[in-house]
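Just below is one structure, and these are the notes that go with it.
The values are calculated or read from the model by the stated rules, or taken from the named source; none is laboratory data. Please read all numbers here as calculations on a predicted model, not as lab measurements. Cβ: placed from backbone, ideal geometry, glycine included. Neighbour counts: every protein chain shown. In case anyone asks, the SASA skips ligands and DNA or RNA and just uses the protein heavy atoms, side chains included. Shrake-Rupley method; radii C 1.70, N 1.55, O 1.52, S 1.80 Å.
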Amino acid sequence: MQNIPPESLIRTWVWMMSENNDPELMNKGRKNLINAFGSLQNAIKYIEEQVEVGEKN
């Protein structure tokens, strides 16, 4: 995971997956996260780590 997308792009993909009612956009957001991180589990782990870092600052 050396080329991490910008936070704003990650937030957009998460929004596409969770807050959107369009199945096509939901799938696109999920696919983008998987392509960027290798799996949804890796994406979730990265996001959780960033939240922890943000809470410490």
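Please verify whether residue 54 is modelled with pLDDT of 95 or more, exposed (fewer than 12 other Cβ atoms within 10 Å of the Cβ) and out of contact with any Cys (no Cβ under 6 Å at 6 or more places or on another chain), treating the condition exactly as stated. Considered against the rule, which asks whether it is modelled with pLDDT of 95 or more, exposed (fewer than 12 other Cβ atoms within 10 Å of the Cβ) and out of contact with any Cys (no Cβ under 6 Å at 6 or more places or on another chain), residue 54 comes out as no. Return yes when residue 48 is on the phi < 0 side of the Ramachandran plot, among the acidic types (Asp, Glu), open to solvent by 70 Å² or more (accessible area, probe 1.4 Å) and in contact (Cβ under 8 Å) with a residue 12 or more places away in the chain and no when it is not. The answer is no for residue 48.
On the given criteria, is residue 3 assigned to a helix (DSSP H, G or I) and exposed (fewer than 13 other Cβ atoms within 10 Å of the Cβ)? For residue 3, the condition - assigned to a helix (DSSP H, G or I) and exposed (fewer than 13 other Cβ atoms within 10 Å of the Cβ) - is not met.
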